[in-house]
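See below for the structure under consideration.
The values are calculated or read from the model by the stated rules, or taken from the named source; none is laboratory data. All values reported here derive from a predicted model rather than from experimental measurement. Here the Cβ is made from the backbone with ideal geometry for all residues, glycine too, and neighbour counts use every protein chain on show. Ligands, DNA and RNA are stripped out before the accessible areas are found, and what is left, the full protein with its side chains, is counted by its heavy atoms. Shrake-Rupley method; radii C 1.70, N 1.55, O 1.52, S 1.80 Å.
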Amino acid sequence: MPLFRLRAALVCLPLVLSPLAIATPARALNEVVVQLPLVESDFVLQLSDVSSAAALWQGNSDLAELNAASDGALTNRVLSLFNDPLPLGKPQQAEALLDNGMAQQALLLLSSLIRVDGLPQGLSDQQLLTALQQANRQGPPTLRTFLEALPGQRARIRLHEALRALQKLLTQQAEGQQLLQALNTAAGPALQGAPALLNPGPAALTRFEVALPVRHRPQPLQVVLVQPRSAANGQLVVISHGLWDSPESFLGWAEHLASHGYTVLLPRHPGSDQEQQQAMLAGRTPPPSAEELRNRPLDVIASLDAVASGTIAGLTEVRTNQVTVIGHSWGGTTALQLGGARPSDRQLIQRCQDLDDPDRNLSWVLQCSFLSSADQASLADPRVTSVIAVSPVVSLLFNPSQDVRNLRTRTLLISGSSDWVAPSGPEAIDPFRAHGDPEQHLVLVDKGDHFNLRRGSGEGGGPLRGLMLAWLGQPPLAPTGWQDSELPLLDVSIPVLESRPPATPATVTQGSP
């Protein structure tokens, strides 16, 4: 069996099997066939061969033979893939997973990619639940124990479906990448950033954390504050982190802004932060609930209320009538909600169950979990007058032709050209074009992905530091000075608004009634 086949399988298997982080079923299956496109035969492995390093060396499947032929080069990667614990709940939580929107979306994708010989249709929820319960009895479930718990003798993993999904993601990124290439060619030499925007400001900083009692959560809300020790400008900024993240990932942004005089609050969203993820992986709590779509904006509102009431000791005096909210990923969605964008379940109902939708991307797993709460999550706050949404997930949650038009704030949308989670086409360019407001701005980051735009403490603020500082100044956004040499940034607002949508199904269906 050619080595390139194994490499292709190992590269693409994580794309296929990542949804298994939500599900698992009667011990019988031991053989797995990875169906590869454009080759004459299938890739076959015995699950018993991946139970340990010794078993892999001594086995006789295609995988074991290739491991021996490569002198063990595959051992660690393969064993990790099949034996690392999956983020599943405890056995008593298995039924609850099927009531969770994120779990349902992952199960839908999973059942479309795995076929068990003898079963004409995809795996049912009950079969997945039974396998989950069975695997849980053996300890923390792994990919291997999940597959072993499936009924039947052989399962087929439809790698060609995963490759089709991969091609879809490449297509969703293509428009942004082509736009950047065309503008870079037309612009000539790269624009230079201004030291006044890129360099740290003169202010020394202080940082502390407070606990705020809130009505919408059983426990106090934790908020990190970063502010200048002197010469504060009285302007307030709030940074909302993304799913399974934390304020610590964005302290670089906060420190850069605070060094220039801004006071920055970073609420820790407890229902979807890093600690919640760790508790979920340990089986102590289910995945984030749909109610978090509403709770996150309420976290920001409660933080602003605390500032306005003067209840935070040690906080520099700031104004709360002109607040900028910056958000990353789900936090970007939160920022848009506070700025006036109204979530709706209309597109969620129409499109979430269509696995062949050309706009479908990884962020849909999260967006489709909001179905039960979308119509109760309109939480605009008049104190929020400016929004920076970095890599937000928006294409399903907001109808671009209606819901986003309710934005009454200055809005800066930032998207990376290499973002796999929220690709620039459906999650940034199409909604911005449909919105069509010349007062808003869309900036693309060349080679920016979903995670390399944020920065932690002491990391200098990253490639967005100058752009954020420029946006916080007096409008309109200056055309130059905020560019970064690490990852080039381009304001593509006018070209996107002037361009006609590509004649592809992805654009035709985007935001359709």
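List of remarks:
- Additional length obtainable on full extension of the chain from Arg207 to Val44, 0.36 nm per residue less Cα span: 53.2 nm
- Net +/- balance of residues flanking Ala302 in space, Cβ distance below 14 Å, scoring K and R +1, D and E -1: +3
- Here the peptides 259-269, 474-484, 172-182 are ranked by packing, the mean other Cβ count within 10 Å, and the order with the highest first is 259-269, 172-182, 474-484.
- For segment 295-305, backbone phi angles converted through the Karplus equation (6.51, -1.76, 1.60; θ = phi - 60°) give residue-by-residue couplings of 5, 5, x, 5, 4, 5, 4, 5, 5, 5, 4 Hz, Gly and Pro being listed as x.
- Annotation: per residue accessible area for segment 375-483 equals 31 Å², rounded to a whole number [probe 1.4 Å, protein chains only].
- Additional length obtainable on full extension of the chain from Ala68 to Ile349, 0.36 nm per residue less Cα span: 96.2 nm
- Solvent-accessible heavy-atom area per residue, rounded to whole Å², over segment 180-254 at 1.4 Å: 51
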